[in-house]
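What follows is calculated from the coordinates using simple rules that are stated; it is not laboratory data. Since we're looking at a predicted model, the values are computed, not measured. In this analysis, Cβ positions are derived from the backbone assuming ideal geometry, glycine residues included, and neighbour counts consider all displayed protein chains.
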C-alpha cells in the first residue's frame, strides 16, 4: 500500500470515528435537553412529566376544549384575561407584585386555583385565609355539586384546611376540607390544600379527572398555567434556548467543522498522480548494448557490473563486502550460481556469450532484491 493510500485510509478511519463520536454526543445532548427517557420536571409545573407534575392535567383540559397556555416570567404586568382560569400549583416564589396581579385578575372576573404544601401566600391574598394543616384525608366524598358530578376525590393526604376562614368549603371529609372558595370582586379564588388530585400520579384515580375539569370551569374558558412561579423566566431569542440545546448545537457545529476539515485540501504541493518508475528493462538493455558497442574495451565497461554482482553475493551471504575472492566464490556456490555465472563474476568477458551471461546474471540478481547495478 502506497503512502498516499495509507494516509487516505487513515483519514477515512478518523472521519468515521469522529462522526460516530459526534453523533453520540449530539444524541446525548438532545436526550438531556428533552429530559431523557425518564419522567422529570418541577412539582406543580405543566411541563412536568414526573408523578408530581401537571403534564397530564394540561393534556386533559386541552382534550375537553379549553384553550391552554403557559405563563412564563413574572405575573406582574401579565395581561390575564378576566375569563381565564389560572392554575398556580406548588409555587416556589410569589413576589408582592405577583400577589397584586393575582388579586387584580380575580377582581376583574378571573378564576384562580392555587395550592401547595406550606402555603406561604395565604395572608397575601386574603385577610382571613383558610388554616392549613399538614395532616389531610386520603379520600373526600363531600363535593359541592357546582363542580360537577363528583363522587370521590382521592389524595396523597398531604394537607387539609382545618378552618375555611372567610371562604366556603367546596370539598371536605368531616372537619378536614380539601377545597375552599373565596369570592373576590367578579371572580374568585379556589384554595386547594392538597394539589395531589391534579398531579400525574393521581389524576386517573377515583373522580379526580372530573374534579380537575370542574376547577377549570366551562369548556369555553381559557386555561393558563403559571410557570414563572417555578423558575421559568420569560426569555426571547437566543436566551430562550435551553442550555443543553445550546450544548447540542455547539457539538453539531464542531462535527461539521471536523467534517469540512477532513474533506478539505491540504496545504503544500499536491501529490503526484503516479509513482515515478525506473525505465523499462528493455530500454535499459538497449542502452547498455549501445554503450558496449561504442566502447573499444568491453572488459573495462563491464567491470562495474562484475563488482556489483560480487557485492550482491556478499550481501546475500551476509559476509563482509571486502571478503576474499575465495569466500565470495564459496558463497556464490552456496547460493546456487553455476560455474559459467561465477566465471562471469570474476573473469573479464572476452566475447558476446560471456557478456550475455553476465547480463542475465545481473538481471536475475536485480529481480531478487529490486536493486540495479
**Prompt:** Does the stretch 33-137 classify as rounded, prolate or oblate by the C-alpha gyration tensor (a ≥ b ≥ c root eigenvalues; a/c under 1.5 gives rounded; else a/b over b/c gives prolate, otherwise oblate)?
**Reply:** oblate
**Request:** Sort 196, 340 so the one with the fewest other Cβ atoms within 10 Å of its own Cβ comes first.
**Result:** 340, 196
**Message:** Based only on other Cβ atoms within 10 Å, what is the fewest-to-most ordering of 132, 308, 346?
**Reply:** 346, 308, 132
**Complete:** Over the stretch 109-174, the quotient of the Cα radius of gyration and 2.2 N^0.38 Å is 1.15
**Message:** Against the empirical 2.2 N^0.38 Å scaling, what ratio does the C-alpha Rg of the stretch 55-230 come to?
**Reply:** 0.94
**Asked** Tell me, what is the percent relative contact order of the stretch 55-230, built from C-alpha pairs under 8 Å that lie six or more residues apart?
**Response** 33 percent
**Complete:** Ranked from fewest to most other Cβ atoms within 10 Å of their own Cβ, 205, 149, 111 fall in the order 149, 205, 111
